[in-house]
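Right, one structure below, let's go through it.
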Amino acid sequence: MTLMEFSIIPLDKGPSLSRYIAKALTVVDESGLDYRANPMGTVVEGDWDQLLGLLSRCFHALQQDSDRISIQAKFDYRKGMSGAITGKITSVEAKAGRSFKQ
């Protein structure tokens, strides 16, 4: 499995972007993939092709309203691993001997 962390923002919509972020997050939610939204982006777990397809669908959803879009994405592939979206946090917390805010 692969983790993808991404942010996608229209650059031509002024200071308030929540309407457009909500549009992209709806696409993510409807994908059926496990994800976590955070203040600076979204983390999604899936296989490579699913994630690239999802990123493309998010782009096309925002492209309907925007002439300029910025996308930042990073990927973490680990062969044979699943559940990393929560497992990585659990592992760090176990080593620290405490829970962290999420």
Output the residues belonging to the stretch 4-25 that are in contact (Cβ under 8 Å) with a residue 12 or more places away in the chain and more than 16 Å from Ser56 (Cα to Cα). Leu11, Asp12, Lys13
Which of (1) part of a strand (DSSP E or B); (2) over 15 Å from the mean Cα position of the chain (by Cα) does Val43 not meet, given it meets every other one? (2)
May I ask you to say which residue of Phe6, Phe59, Phe100, Phe75 is of a type in the set (Phe, Trp, Tyr) and exposed (fewer than 10 other Cβ atoms within 10 Å of the Cβ)? Phe100
Could you list all residues from the stretch 22-40 that are part of a helix (DSSP H, G or I), within 26 Å of Gly83 (Cβ to Cβ) and hydrophobic (A, V, I, L, M, F, W, C)? Ala24, Leu25, Val27, Val28
Ile8 vs. criteria assigned to a strand (DSSP E or B), closer than 27 Å to Ile89 by Cα, touching a Cys at 6+ places or on another chain (Cβ under 6 Å) and modelled with pLDDT of 95 or more: yes
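The values are calculated or read from the model by the stated rules, or taken from the named source; none is laboratory data. Quick caveat, the model's predicted, so the values are computed rather than measured. Please note: Cβ atoms are built from the backbone with ideal geometry, for glycine as well, and neighbour counts cover all protein chains shown.
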